[in-house]
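The values are calculated or read from the model by the stated rules, or taken from the named source; none is laboratory data. In this text, all values refer to a predicted model and were calculated from it rather than measured experimentally. Quick reminder, even Gly has a Cβ in these numbers, built from the backbone with ideal geometry, and neighbours come from all protein chains shown.
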Amino acid sequence: MRGVRGWTWLVMAALLLPISACAPKRLAPVTNSPVPRPPRQATAPAAASDSLRLAPSAATALDSLPAEWRALLEQAAAEAGPPAPGGPAAGAGADGPADGAWPGEEAAALARTQVGKPYGWGATGPERFDCSGLALYVYRQLGIALPRVSADQASTGVHVDRTELRPGDLVFFSLRSAFDHVGIFLGNNRFVHAPRRQEPVRIDNLDDAWWNRAYKGARRVFGGDR
């Protein structure tokens with residue numbers, strides 16, 4: 001009987017060993033403490049104005065250059081000279097032509113400065129003018145000698161079509177006889193001239209009915225025979 005009980009305990013022990021060996025280990029209790037995280041770098045979205053930030057001033061940029069580089073830049077600036085003055089090119093509303101401008105621009109500018117001066121038959125300036133005297137005076141200031149009367153001035157230089165007129169061209173009219181009146185073209189269909197007694201030097205438009213009908217042609221002194 002005792003032998004049977006002994007075997008019974010051995011069989012029970014053998015059956016319990018695998019169960020205890022497969023049981024999971026006890027885990028450490030979970031706490032509510034937060035898990036520390038590495039600090040996050042704040043990154044703000046790029047603003048539109050970031051691309052418009054001003055660059056350092058020119059003076060600061062130059063000061064940061066080596067002395068020999070600054071000397072070379074200053075020498076180059078001195079050799080280049082001052083910048084050309086701004087403003088409109090010579091012509092309507094300008095006092096004179098820019099460098100390299102069409103030479104007739106200067107003739108037109110000089111003629112414009114005579115506006116308002118009184119008419120004088122046979123007068124060639126500088127205080128009074130008749131029509132051909134005005135053209136004679138203006139071109140004389142530019143070193144160009146024109147004939148005295150408009151009929152002879154109409155043979156000076158080269159012929160210019162009306163559609164090709166440029167400032168400084170001489171425009172001719174027939175009021176009573178062929179080529180008996182002359183003016184100086186300004187541009188935009190305008191011309192300056194000394195019209196007649198009792199009327200000062202003034203600006204008129206070629207498209208006005210009177211002058212359009214009386215118009216007979218134009219001559220360009222610059223680039224033609226003088």
Legend entry - Any helices (runs of 4 or more DSSP H) falling wholly within region 101-207 and containing at least 1 residues that are of a type in the set (Phe, Trp, Tyr) and either at pLDDT below 95 or touching a Leu at 6+ places or on another chain (Cβ under 9 Å) (or both): 131-141
Inset, instruction - Quick one: in region 143-175, of everything that is of a type in the set (Gly, Ala, Ser) and touching a Phe, Trp or Tyr at 6+ places or on another chain (Cβ under 6 Å), which residue is surrounded by the most Cβ atoms within 10 Å (Cβ to Cβ)? - result: Ser150
Inset, instruction - Could you look through region 109-133, keep only residues that are more than 12 Å from Pro200 (Cβ to Cβ) and among the β-branched types (Val, Ile, Thr), and pick out the one that is surrounded by the fewest Cβ atoms within 10 Å (Cβ to Cβ)? - result: Thr113
Inset, instruction - Kindly list, by first and then second residue, each pair from a residue in region 162-182 that is more than 16 Å from Asp130 (Cα to Cα) to a residue that is assigned to a loop (DSSP other than H, G, I, E, B), limited to pairs with Cβ atoms under 7 Å and residues at least 6 apart or on different chains. - result: Arg166/Trp102; Pro167/Gly91; Pro167/Trp102; Gly168/Pro103; Gly168/Phe222; Asp169/Val160
Legend entry - Unique match (being touching a helix residue (DSSP H, G or I) at 6+ places or on another chain (Cβ under 9 Å) and surrounded by fewer than 13 Cβ atoms within 10 Å (Cβ to Cβ)) among Ala209, Ala194, Ala178, Ala218: Ala178
